[in-house]
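*Asks:* My questions will all concern the structure given below.
The values are calculated or read from the model by the stated rules, or taken from the named source; none is laboratory data. As the structure is a prediction and not an experimental result, all values here were calculated from the model. Note that we place each Cβ from the backbone using ideal geometry, even for glycine, and neighbour counts take in every protein chain shown.
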Amino acid sequence: MDERPDNEELMRVRRDAELVYGRQEIEYALDRMAEGVTARLGDRDPVLLAMMIGGMVPLGALLPRLQFPLQVDYLHATRYQGGTRGGHLDWLRKPGLSLKNRTVLIVDDVLDHGITLAAGVEECRDAGAREVLTAVLISKRLALRKGLQAADFAALETDDRYLFGWGMDYHSYLRNGEGIYAARMPA
């Protein structure tokens, strides 16, 4: 695990970051995504799973937009352990609800290389889910992904940049940004 950044570094990263999407753009994109999710899952009694920790913010914003019966749980796998580069996948929690013969929607903050989301999909299938779909707040445009190639629902897209805010973090901080920001990473 990387050392915790000091407050000065966090303030500098936030101050120097570029706003990629503001709150209004994010809210509008979530409205559109909720329409798609409702059309696809509204009659299926789905289980929505937040991929922790980043997925709790997008799922929390999405839930009030979904006006149909559903259950909520979470799963927690991490590759970052507070750092800025992914490593070995560690499972911290698997879903507590039974997924057997259920439709599952895993909600996460960002799809970059897709390794963590692919592991979540596989875990849900292994738990007997009938159908497993994915939704992300933001999908990065990458030429090649190592895991899940595309989310079933993506609210926004961006180039491959280091993002924070709306669930995405910088060394486990700055998840609470009002918008989505791109950090200016040292060369």
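*Asks:* Taking region 161-187 only, how many residues are among the charged types (D, E, K, R) and over 30 Å from Leu41 (Cα atoms)?
*Replies:* The qualifying residues number 2.
*Asks:* So, one more: Tell me yes or no: at least one residue of region 68-77 is over 19 Å from Thr103 (Cα atoms) and either out of contact with any strand residue (DSSP E or B) (no Cβ under 7 Å at 6 or more places or on another chain) or modelled with pLDDT of 95 or more (or both).
*Replies:* Within region 68-77, not a single residue is over 19 Å from Thr103 (Cα atoms) and either out of contact with any strand residue (DSSP E or B) (no Cβ under 7 Å at 6 or more places or on another chain) or modelled with pLDDT of 95 or more (or both).
*Asks:* Considering only region 101-120, state which residues are closer than 30 Å to Glu178 by Cα and either among the acidic types (Asp, Glu) or over 13 Å from the mean Cα position of the chain (by Cα) (or both).
*Replies:* Val104, Asp108, Asp109, Asp112, Ala119, listed by residue number.
*Asks:* Ser98 versus (1) within 16 Å of the chain's Cα centre (by Cα); (2) more than 24 Å from Glu35 (Cα to Cα); (3) at pLDDT 95 or above; (4) surrounded by fewer than 18 Cβ atoms within 10 Å (Cβ to Cβ): which is the lone unmet condition?
*Replies:* (1) is the only condition that Ser98 fails.
*Asks:* Could you grab me the full set of residues in region 43-62 that are small (Gly, Ala, Ser) and modelled with pLDDT under 95?
*Replies:* Gly54 - this is the single residue of region 43-62 that is small (Gly, Ala, Ser) and modelled with pLDDT under 95.
A quick yes/no check of all residues on (1) surrounded by fewer than 17 Cβ atoms within 10 Å (Cβ to Cβ); (2) at pLDDT 95 or above; (3) under 21 Å from Glu35 (Cα atoms):
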residue	(1), (2), (3)
Gly128	yes, yes, no
Glu131	yes, yes, yes
Lys140	no, yes, no
Leu148	no, no, no
Ala155	no, yes, yes
Trp166	no, yes, yes
Tyr170	no, no, no
Tyr181	no, yes, no
Arg184	yes, no, no
